[in-house]
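Have a look at the structure below before the remarks.
The values are calculated or read from the model by the stated rules, or taken from the named source; none is laboratory data. For clarity, every value in this text was computed on a predicted model and none was experimentally measured. Virtual Cβ from ideal backbone geometry, glycine too; neighbours counted across all protein chains shown.
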């Protein structure tokens with residue numbers, strides 16, 4: 001692979017890259033809250049697990065199992081997840097990594113593309129007082145939003161269309177992030193933080209970083 005540097009824009013995933021991931025237990029509790037909000041008091045554990053990260057088909061199966069409209073179930077799920085993550089932000093338990101300060105010195109346009117809800121990314125930007133981003137996209141709280149999650153490049157391509165860079169870089173911490181960059185035809189940098197120590201990738205990214213501070217050498 002021929003590496004094309006320097007880059008003239010950098011787009012970031014959020015969770016695990018800019019801010020610490022939300023604790024799984026917090027999100028599980030939020031799924032129970034979502035079921036309770038629509039009148040399901042004791043959902044099966046596998047339905048809770050599905051609701052954490054469903055496909056459209058699996059969401060329909062869970063909704064059908066409770067005779068609930070899938071759009072109503074998903075809206076309750078998204079509302080609960082947004083509220084739970086906002087509480088974590090306000091409490092300081094979901095916080096920016098120290099090396100995010102590097103972004104202030106970058107001389108190129110920046111953006112965020114996340115599988116998290118668009119409203120949650122807005123809350124992150126507000127409460128974490130991150131350096132200004134030129135564009136940022138999270139997922140719509142709709143069934144269509146499920147289908148547009150990375151590795152589908154939908155939101156990444158929207159960010160690229162807005163920034164119009166010649167040679168952008170996408171920084172992520174998951175196979176889905178690398179897959180989205182590959183699908184969009186741009187370079188990816190995999191950020192191997194502590195929670196990804198033993199994480200294996202199915203395709204090789206253009207770069208592997210231990211810290212966002214290393215971006216300065218690529219710009």
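Side notes on the structure shown:
- Residues in segment 101-143 that are closer than 24 Å to residue 211 by Cβ, at pLDDT below 95 and assigned to a loop (DSSP other than H, G, I, E, B): 106, 107, 129, 130, 131, 132.
- When the residues of segment 204-219 are filtered to those that are under 13 Å from residue 173 (Cα atoms) and in contact with a helix residue (DSSP H, G or I) (Cβ under 6 Å, 6 or more places away or on another chain), the one that is surrounded by the fewest Cβ atoms within 10 Å (Cβ to Cβ) is 211.
- Where residue 87 falls short, out of the listed (1) surrounded by fewer than 17 Cβ atoms within 10 Å (Cβ to Cβ); (2) not in a helix (DSSP H, G or I): (2)
- Filter result for residue 181 (in contact (Cβ under 8 Å) with a residue 40 or more places away in the chain, in a helix (DSSP H, G or I) and within 19 Å of the chain's Cα centre (by Cα)): no
- Residue identified as in contact (Cβ under 8 Å) with a residue 24 or more places away in the chain, farther than 29 Å from residue 189 by Cα and either out of contact with any helix residue (DSSP H, G or I) (no Cβ under 9 Å at 6 or more places or on another chain) or not assigned by TED's automatic domain parsing to the domain that holds residue 171 (or both) among 66, 47: 66
- Residue in segment 120-130 that is over 28 Å from residue 76 (Cβ atoms) and touching a residue at least 40 places away in the same chain (Cβ under 8 Å) present: yes
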